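The values are calculated or read from the model by the stated rules, or taken from the named source; none is laboratory data. Just so it is clear, the structure is predicted and the values come from calculations on it, not from any experiment. Virtual Cβ from ideal backbone geometry, glycine too; neighbours counted across all protein chains shown.
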Amino acid sequence: MEPEDNDHPIADATTTPDEGEETVSVYGPYPEGRDRVCCIVGIGASAGGLEALQRFFDNVPGESDLAYVVVQHLSPVHKSLMVDLLAKHTAMSVVQAADGMAVERNTVYLLPPAKHLSIEDGRLILTAKDAAGGMSLPIDIFFTALAKDQGPRALGVVLSGTGSDGTRGLLAIKSAGGFAAAQDPESAQFDGMPRSAIATGQVDVVKTADKLPGCLIEHAGRVLSRNLPVPAKPQERDNDPLAQIVAAIRSVTGVDFSHYKLATLLRRIERRMHTAGLDSMSDYAALLRRNSAETVSLYKEMLIGVTRFFRDEGAFASLADKVIPTLLAKRSPTDMVRVWVCGCATGEEAYSIAILFAEAQERMGRSFDVKIFATDIDQDSIEIASLGEYPRSIAEDVSHDRLTRYFSARGDHYLVSRDIRRMVVFAAHNIMRDPPFTKIDLVSCRNLLIYMDSPLQRKVLSLFQYALRQSGFLFLGTSETLGDLSAEFHVLDSRNKLFQSLRTGTHRLSRLLVPTVASPVHRHGDETMSQAQEEGAAIDEAISTLMRAYVPPSLLVNEQMNIMHVFGEASAILKVPPGEATLNVLKLLPSSVSMVVGTALTRAFRSGEEFALSNIPVKDREGLPAVSLRVKPFVARKTGRRFALIVLDPSAPALALPDSDFDFDTDTAERIRGLEQELVSRGENLQATIEELETANEELQATNEELLASNEELQSTNEELQSVNEELYSVNAEYQAKVEELTEVTNDLDNLLRSTEIGTVFLDSGMVIRRFTPAAARFINIIPRDVGRSISHLSTNIEYPDFLKDIERVFHNHNPVERHVPVRGDRWIQTRILPYLTEKNHVAGVVVTFVDVTAAKAAEHRLQTVLDSLPEHVAVIDSNGAITMVNHAWRMFGEKNGAPALDRCGPGTNYLDVCSAEDGTEGEDIARAVNDGLRRILSGDIEQFTIEYPCHSDTEERWFMMHACRLAGLSGGAVVSHIDITNRKLMELRASGRRNGLKKSGPFIAKDPAAGGAA
């Protein structure tokens, strides 16, 4: 991993490599209308996440000045209850996200079912979830969008859940300068998601759910309040704290970041300062000098590599169409295609290119030797890439067909196939310090140059040109340009940054290896290089002459005994046999010598020791009676392959055979030939057996591939089931919480009904008992086993003949019925029958309540007794003027004056109507005055009212005084009394001498004589 962020949001916005150095942050202000910047917290949770979310929000203050967006794995077919469940654990507003909704502080937004959530310009964007789209990763989708939209103001939290959703999103947030946190796996119900995030090494905080809010609020406070100055370049000021920080990294890791782009460098340092709790860059530089572990952490922060398979799909499509076919078109199967992927991070890009080469070879029906050198500065990333294991989330970037053909499922990961892995060689390499590869056909370096300053960019591009063959290809990131080297390349695809080299870069080698000097020195250097090349050619010619003159015939062979190189003049001893052409040394040497050479080579390769033998007779080469043999084995340092050097010296004097070190006769030769023939026969039999085994192996391989395909199908089904299981687990957790809540409500209601001692019976539409309270058993003979029985089957203790009829009547007409009925044992109860209403006001049954009103009845009886003892005519009216109670004197007066049934003056009649008179009738004025006075009392305008009026009968003269007094209280009403004042009036009339005879008058005789008793 070179100093890069392989998926940095800034990279997508950069137009030239030199932009963005003057400011620390490139992100614009938050949407207009906000008094200050608001950080947005993205929270990802899956199975077991409800409990973690509740603990999290229990510890979030109502005025945290942050916005929270909760993304869960929700079932698309079940209604989510999260709004109600989380609202009880926070004072903030909890709402379900809607498309286009602006994000505001101190608000919690929840993902709706069957939707994916993203954010753009501070507004939430909802898209429909593809039901047939396979694995769904809603947390990664939102976190990635949040990182791109909010940059350093993005905060990501991963809570309980299975799988790896959220991991890539957290890396995107970190890459954008944001803050990443995860729940402590030990405290999570399901630790898959937190462990996957923590394994990246990029999580800033790992704590329990209840401790995370404090860390987030503290970090957000630093982000909102910090305004770091932009210091000068590190190399310009020796005492600058930034230069000290760069020097500390260089001393611990050996990597120099002085040419790293300043804006990104400051952003990385600021993020580590936040984590360390420091506000001063000088203090942080001092921390690095005494804490090497923090220096390593900062170094790792610089090397965040967020990459993925086939990133920028259009660019890889262009590479597959315009570059790879051209590279393979004119290549022989043995001619190696060399590719260099610089800054490969964790290897996704290198494997993507390898897959493109494999697909191209399959289309062409030919096999080529393709070698991809993938390099990175970070050894940890190289080790991850070498394993070739990636999480299940790569299914978002790799098509199902490619997953099936080039990957195999292993647990929660995908493993790159062996054929693809054989193409790629991973190695640690520092492009700023180490020499480049050579003879490269394709160099891929994407989104690395944008983090370097201009001088380093020019150097790296020159290295790439030097590494490329003539007509080689260069593949850059979409935001990178060639700069000064534009004239050296032909543009294949300007949008996807594909270039073809016009010539090799060897002429620029001196610029890469020696300092740049003035032009005359360059010309002198060119003359010196030309002279050096001429002298080297002369030296090579001299060495060749010496070898021909003095070096005996020598053969360089490999372990397969094939000749790799011939030194000296060996034509006298080597002879090409008839038949198929071969380089096997045993077939090119004389038969008498080849047997000895074969034995010597076998011994030398086995023991690793030198072998020598002299005076070996040569029978089938004229002029060469004997040779001396030396076999010296050795191992190549770089590749580890074994070779041997065979020295055949014919210069030794010819000696008689008896004096030779080697004894050879005809019988022995014949015996050896027989053994060789037998060996050849056995070899042929062995070859036939091998071919049979290969055939069987191919059949087994085909069977294995079928099993692998079946296994992948089962694995895919298992993934879908796992996803459904997570969704159902979330739904079950919500329902479980709702059940607990309803249980608490039921317990509260049961205790309420029990404490009030109100007998209650719930009936369904068929008058079947659903439930009842214990107090109901005092009025109906009911026991717990009667639940489910019709109430008509039970006897009662109340004198209520129309009980069942009233229940049916209420169910049909929906009008409540209230009765006061006696109970056995001189008790009274108030029976109320009401309709049972559902949420939509649908009548689903009847509720019957029994309230003991014996005490109220006794009080009412005592009050009636008191009223009956009064000689005045007394009546009590309610706020509407209706008579509710009269005393004995009132009744007797009514009966005496012709109203025995009290139709117009008894309880239930309206007294205001009684005290009204038609126009033109006798007593009209008195009636109007009485009616007006009563209305004013009932409305609260006056407290009492008094009037005297005559009420004569046919036999006597009578006068009454009516006195009305307002009743205090919520119900209102009045007490009306009529006092007989006839004696006083007669005395007054006698005294005044104005008695002239009987005359009927007053409001009580206006309509009916009996009405007078009701006055």
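Which of the residues belonging to the range 187-211 are in a strand (DSSP E or B) and either out of contact with any Cys (no Cβ under 8 Å at 6 or more places or on another chain) or over 26 Å from G221 (Cα atoms) (or both)?
From the range 187-211, those in a strand (DSSP E or B) are 205-207; that's our starting set.
Within the range 187-211, V206 is the sole residue that qualifies.
From the list R422, R469, R446, which residue is of a type outside the set (G, A, S) and either out of contact with any strand residue (DSSP E or B) (no Cβ under 8 Å at 6 or more places or on another chain) or not assigned by TED's automatic domain parsing to the domain that holds S501 (or both)? Break it down stepwise before answering.
Working: R469 fails: either out of contact with any strand residue (DSSP E or B) (no Cβ under 8 Å at 6 or more places or on another chain) or not assigned by TED's automatic domain parsing to the domain that holds S501 (or both); R446 fails: either out of contact with any strand residue (DSSP E or B) (no Cβ under 8 Å at 6 or more places or on another chain) or not assigned by TED's automatic domain parsing to the domain that holds S501 (or both).
On inspection, the qualifying residue turns out to be R422.
Quick check on E218: is it over 21 Å from I40 (Cα atoms) and more than 17 Å from the chain's Cα centre (by Cα)?
On the way: over 21 Å from I40 (Cα atoms): no; more than 17 Å from the chain's Cα centre (by Cα): yes.
In short, no.
Looking only at the range 737-768, filter to residues that are farther than 30 Å from M82 by Cβ and of a type in the set (S, T, Y); which one of those is modelled with the highest pLDDT?
The first filter runs over the range 737-768 and keeps only residues farther than 30 Å from M82 by Cβ, leaving 753-768.
The next check asks that each one be of a type in the set (S, T, Y); those that pass are 755-756, 760, 765.
Details: S755: 75, T756: 71, T760: 88, S765: 84.
Per the criteria, the residue is T760.
Has the range 917-939 got at least one residue that is more than 17 Å from V975 (Cα to Cα), assigned to a loop (DSSP other than H, G, I, E, B), at pLDDT below 85 and touching a helix residue (DSSP H, G or I) at 6+ places or on another chain (Cβ under 7 Å)?
yes
Would you check if S367 is assigned to a loop (DSSP other than H, G, I, E, B) and in contact with a helix residue (DSSP H, G or I) (Cβ under 7 Å, 6 or more places away or on another chain)? Write out each step before concluding.
Working: assigned to a loop (DSSP other than H, G, I, E, B): yes; in contact with a helix residue (DSSP H, G or I) (Cβ under 7 Å, 6 or more places away or on another chain): yes.
Against the criterion (assigned to a loop (DSSP other than H, G, I, E, B) and in contact with a helix residue (DSSP H, G or I) (Cβ under 7 Å, 6 or more places away or on another chain)), S367 qualifies.
If you take the residues in the range 844-858 that are in contact with a Phe, Trp or Tyr (Cβ under 7 Å, 6 or more places away or on another chain) and free of Cβ contacts under 8 Å to residues at least 60 places away in the same chain, which one is nearest to G766 (Cα to Cα)?
Initial filter on the range 844-858 (in contact with a Phe, Trp or Tyr (Cβ under 7 Å, 6 or more places away or on another chain)): 844-847, 850, 853-854, 857.
Next cut, free of Cβ contacts under 8 Å to residues at least 60 places away in the same chain only: 853-854, 857.
Numbers: V853: 29, T854: 32, K857: 34 Å.
The selected residue is V853.
May I ask you to say which residue of E270, E294 is assigned to a helix (DSSP H, G or I), under 29 Å from N447 (Cα atoms), modelled with pLDDT under 80 and not basic (K, R)?
When all the criteria are applied, what remains is E270.
So A427 clears everything in (1) surrounded by 15 or more Cβ atoms within 10 Å (Cβ to Cβ); (2) within 16 Å of A350 (Cβ to Cβ) except one condition, right? Which one?
Only one criterion is unmet by A427, namely (1).
Under the condition of being over 56 Å from the mean Cα position of the chain (by Cα) and in a strand (DSSP E or B), which residue from the range 780-806 is farthest from V851 (Cα to Cα)?
Within the range 780-806, the first condition is being over 56 Å from the mean Cα position of the chain (by Cα), and the residues that meet it are 780-781, 792-806.
Adding the requirement that they be in a strand (DSSP E or B) leaves 780, 796, 798.
Working: I780: 13, T796: 15, I798: 12 Å.
Looking at residues that are over 56 Å from the mean Cα position of the chain (by Cα) and in a strand (DSSP E or B), I get T796.
When only residues in the range 138-167 that are farther than 20 Å from A52 by Cα and in contact with a Pro (Cβ under 8 Å, 6 or more places away or on another chain) count, which is surrounded by the fewest Cβ atoms within 10 Å (Cβ to Cβ)?
Applying the first criterion (farther than 20 Å from A52 by Cα) to the range 138-167 yields 141, 144-154.
From what's left, in contact with a Pro (Cβ under 8 Å, 6 or more places away or on another chain): 147-148, 151.
Numbers: A147: 28, K148: 23, G151: 21.
Of everything passing the filter in the range 138-167, G151 is surrounded by the fewest Cβ atoms within 10 Å (Cβ to Cβ).
Looking at (1) more than 30 Å from M961 (Cβ to Cβ); (2) among the small types (G, A, S); (3) surrounded by fewer than 17 Cβ atoms within 10 Å (Cβ to Cβ), which is the one condition that is false for G845?
With (1) more than 30 Å from M961 (Cβ to Cβ); (2) among the small types (G, A, S); (3) surrounded by fewer than 17 Cβ atoms within 10 Å (Cβ to Cβ) applied to G845, the lone miss is (3).
Which residue pairs have Cβ atoms closer than 7 Å, lie 6 or more positions apart in sequence or on different chains, and pair a first residue in the range 859-872 that is assigned by TED's automatic domain parsing to the domain that holds I981 with a second residue that is in a helix (DSSP H, G or I) and of a type outside the set (D, E, K, R)?
Final answer for the pair search is D868/H888; L870/A889; P871/A889; E872/A889.
Scan the range 400-411 and tell me whether some residue there is touching a Leu at 6+ places or on another chain (Cβ under 8 Å), over 30 Å from D256 (Cβ atoms) and either in a helix (DSSP H, G or I) or not assigned by TED's automatic domain parsing to the domain that holds S332 (or both). Can you show your working first?
Step one: of the range 400-411, the residues touching a Leu at 6+ places or on another chain (Cβ under 8 Å) are 407-409.
So of that shortlist, the ones also over 30 Å from D256 (Cβ atoms) come out as 407-409.
Applying the additional criterion that residues be either in a helix (DSSP H, G or I) or not assigned by TED's automatic domain parsing to the domain that holds S332 (or both) yields none.
Scanning the range 400-411 turns up no residue that is touching a Leu at 6+ places or on another chain (Cβ under 8 Å), over 30 Å from D256 (Cβ atoms) and either in a helix (DSSP H, G or I) or not assigned by TED's automatic domain parsing to the domain that holds S332 (or both).
Can you tell me which residue in the range 205-224 is surrounded by the fewest Cβ atoms within 10 Å (Cβ to Cβ), limited to those that are at pLDDT 85 or above and charged (D, E, K, R)?
Of the range 205-224, the ones at pLDDT 85 or above are 205-217.
Within this subset, residues satisfying the condition of being charged (D, E, K, R) are 207, 210-211.
Details: K207: 15, D210: 17, K211: 17.
So the residue we want is K207.
Looking at T334, T346, T375, which is the one that is assigned to a strand (DSSP E or B) and hydroxyl-bearing (S, T, Y)? Before you say what the answer is, go through the steps one by one.
Numbers: T334 fails: assigned to a strand (DSSP E or B); T346 fails: assigned to a strand (DSSP E or B).
Answer to the selection: T375.
Could you please tell me which pairs satisfy a Cβ distance under 7 Å, a separation of 6+ or placement on different chains, a first residue in the range 79-91 that is over 15 Å from Y735 (Cα atoms), and a second residue that is aromatic (F, W, Y)?
From residues that are over 15 Å from Y735 (Cα atoms), the pairs are H89/F57; T90/F57.
Please go through the range 175-186 and give me each residue that is in contact (Cβ under 8 Å) with a residue 24 or more places away in the chain and part of a helix (DSSP H, G or I), ordered by number.
Once the filter is applied, which keeps residues that are in contact (Cβ under 8 Å) with a residue 24 or more places away in the chain and part of a helix (DSSP H, G or I), the range 175-186 yields only S175.
Which of the residues belonging to the range 907-916 are of a type outside the set (V, I, T), at pLDDT 80 or above and either assigned to a loop (DSSP other than H, G, I, E, B) or touching a Phe, Trp or Tyr at 6+ places or on another chain (Cβ under 6 Å) (or both)?
P907
Taking D419, is it surrounded by fewer than 16 Cβ atoms within 10 Å (Cβ to Cβ) and under 12 Å from Y351 (Cα atoms)? Before you say what the answer is, go through the steps one by one.
Numbers: surrounded by fewer than 16 Cβ atoms within 10 Å (Cβ to Cβ): yes; under 12 Å from Y351 (Cα atoms): yes.
In short, yes.
Any idea which of R410, R433 is more than 26 Å from G169 (Cβ to Cβ) and not small (G, A, S)?
Details: R410 fails: more than 26 Å from G169 (Cβ to Cβ).
Result of the check over R410, R433: R433.
Would you check which residues across the range 410-435 are at pLDDT below 85 and in contact with a Phe, Trp or Tyr (Cβ under 7 Å, 6 or more places away or on another chain) and list them?
H413
Within the range 313-331, which residues are buried (at least 18 other Cβ atoms within 10 Å of the Cβ) and outside any helix (DSSP H, G or I)?
If the condition is that a residue be buried (at least 18 other Cβ atoms within 10 Å of the Cβ) and outside any helix (DSSP H, G or I), then V323 is the only one that fits.
Applying the selection to the range 348-370, what residues are crowded, with 21+ Cβ neighbours inside 10 Å and either aromatic (F, W, Y) or outside the structural domain of R338 (by TED's automatic domain parsing) (or both)?
Y351, F357
Return the residues of the range 768-777 that are surrounded by fewer than 18 Cβ atoms within 10 Å (Cβ to Cβ) and of a type outside the set (G, A, S); say none if nothing qualifies. Please lay out each step first, then the result.
Going through the range 768-777, the residues surrounded by fewer than 18 Cβ atoms within 10 Å (Cβ to Cβ) turn out to be 768, 770-771, 774, 777.
Within the range 768-777, V768, R770, R771, P774 qualify.
Restricting to the range 378-397, give me the number of residues that are more than 16 Å from V424 (Cβ to Cβ), within 27 Å of the chain's Cα centre (by Cα) and outside any helix (DSSP H, G or I).
Of the residues in the range 378-397, 2 are more than 16 Å from V424 (Cβ to Cβ), within 27 Å of the chain's Cα centre (by Cα) and outside any helix (DSSP H, G or I).
Please pick out the residue among R904, R891 that is modelled with pLDDT under 80 and crowded, with 16+ Cβ neighbours inside 10 Å. Break it down into steps so the answer makes sense when it comes.
On the way: R891 fails: modelled with pLDDT under 80.
Being modelled with pLDDT under 80 and crowded, with 16+ Cβ neighbours inside 10 Å holds for just one of R904, R891, which is R904.
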